[in-house]
């Protein structure tokens, strides 16, 4: 595949950038990272409004520009079907798309109550009651997939769904969300995933530039 550019924002705080980056890695795309400055309007919109519809992450490849995370996933799945971003079976593929879309368009209370902050850890964090139904729904999705497809990833092997839910695993660890054995094991699988481990390493080394953003969450 030809070289590409993936524009992202903070590796510590940006869940959408993480998703786009994981998808590119999974697709085997040869890409250059471009980091938006913290004071860029799209960066702040993504971090403060928790929106999947701003221009970060943005993928530029072979004349195409793709800036919606789920669109990036579909573009990469079309570009390299052998990468396995989508399962081979039609019904399973529909399931994968459905839960990926659900994460993309929902779970606003979870995002607001548990903003991504990879460096942070809050033992015994008291989760806002409004976020609990979102957490319960995520757990139900994970339990259904792990039971149906045998783990250790949601559809057996890594797919776009794992990229979409990877930031949630990070959030659950940051805020000490208690999980059943299977879901806790899934979180460990994601955090040990080589792509995720590389992102976390970079996030940990990221300069402390976002005190204001952290406070505004």
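Go through the stretch 193-213 residue by residue and tally those that are under 15 Å from residue 9 (Cβ atoms) and modelled with pLDDT of 95 or more. Adding up the residues that qualify gives 3.
Screening 40, 62 for residues that are surrounded by fewer than 18 Cβ atoms within 10 Å (Cβ to Cβ), more than 15 Å from the chain's Cα centre (by Cα) and modelled with pLDDT of 90 or more leaves exactly one candidate, 62. Total residues in the stretch 159-192 satisfying the condition of being more than 13 Å from the chain's Cα centre (by Cα) and outside any helix (DSSP H, G or I): the figure is 6. Restricting attention to the stretch 141-158, the residues that are in contact (Cβ under 8 Å) with a residue 40 or more places away in the chain and touching a strand residue (DSSP E or B) at 6+ places or on another chain (Cβ under 7 Å) add up to 2.
The set of residues in the stretch 1-38 being touching a residue at least 60 places away in the same chain (Cβ under 8 Å) and farther than 20 Å from residue 165 by Cβ consists of 1, 2, 38. Identify all residues within the stretch 59-88 that are closer than 16 Å to residue 158 by Cα and assigned to a loop (DSSP other than H, G, I, E, B); write none if there are none. Result: 80, 84, 85, 86, 87, 88.
The values are calculated or read from the model by the stated rules, or taken from the named source; none is laboratory data. Since the structure is predicted, the reported quantities are computational estimates derived from the model, not experimental observations. With ideal geometry, Cβ positions are generated from the backbone for all residues, glycine too; neighbour counts draw on all protein chains shown.
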